[in-house]
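Structure first, commentary second.
The values are calculated or read from the model by the stated rules, or taken from the named source; none is laboratory data. The model shown is predicted, which means the values in this text are computed figures rather than measured ones. Reconstructed Cβ throughout: ideal geometry from the backbone, glycine too, with neighbour counts over all protein chains shown.
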Amino acid sequence: MIALVELDSSFFGSSPDGPSSSSSTTSHAATTRMRKQVLNSSDPLYASLRDVNFAIVGGVLNKVARRLSDDYEVKLITSELTL
């Protein structure tokens with residue numbers, strides 16, 4: 001069985017149709033495109049959440065979000081130092 005989830009295409013950087021324009025903020029809801037993403041055991045996050053009790057999922061996702069935020073901050077600091 002294949003599990004699919006519909007996500008906003010902005011989660012993936014650029015949309016499949018091309019880069020999105022940042023000047024068009026008035027009709028954001030109308031231009032938002034959903035993209036189906038396959039969820040299977042090849043995705044490390046899905047594999048770690050698949051068999052976890054639902055009460056624990058929030059904590060696991062919180063840790064992942066904090067790690068991603070820290071990684072992003074390091075990337076920004078590194079890019080500022082190289083300029």
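Here H28 meets each of (1) surrounded by 10 or more Cβ atoms within 10 Å (Cβ to Cβ); (2) within 16 Å of the chain's Cα centre (by Cα); (3) at pLDDT below 75; (4) of a type outside the set (S, T, Y) with one exception, condition (2).
For the range 44-67, a residue qualifies if it is surrounded by fewer than 12 Cβ atoms within 10 Å (Cβ to Cβ) and either in contact with a His (Cβ under 6 Å, 6 or more places away or on another chain) or not charged (D, E, K, R) (or both), and the qualifying residues are P44, L45, V52, N53, F54, A55, I56, G58, G59, N62, A65.
Contact annotation: residue pairs with Cβ atoms under 7 Å, 6 or more positions apart or on different chains, pairing a residue in the range 60-83 that is within 18 Å of S48 (Cβ to Cβ) with a partner that is among the small types (G, A, S) and part of a helix (DSSP H, G or I), are V60/S48.
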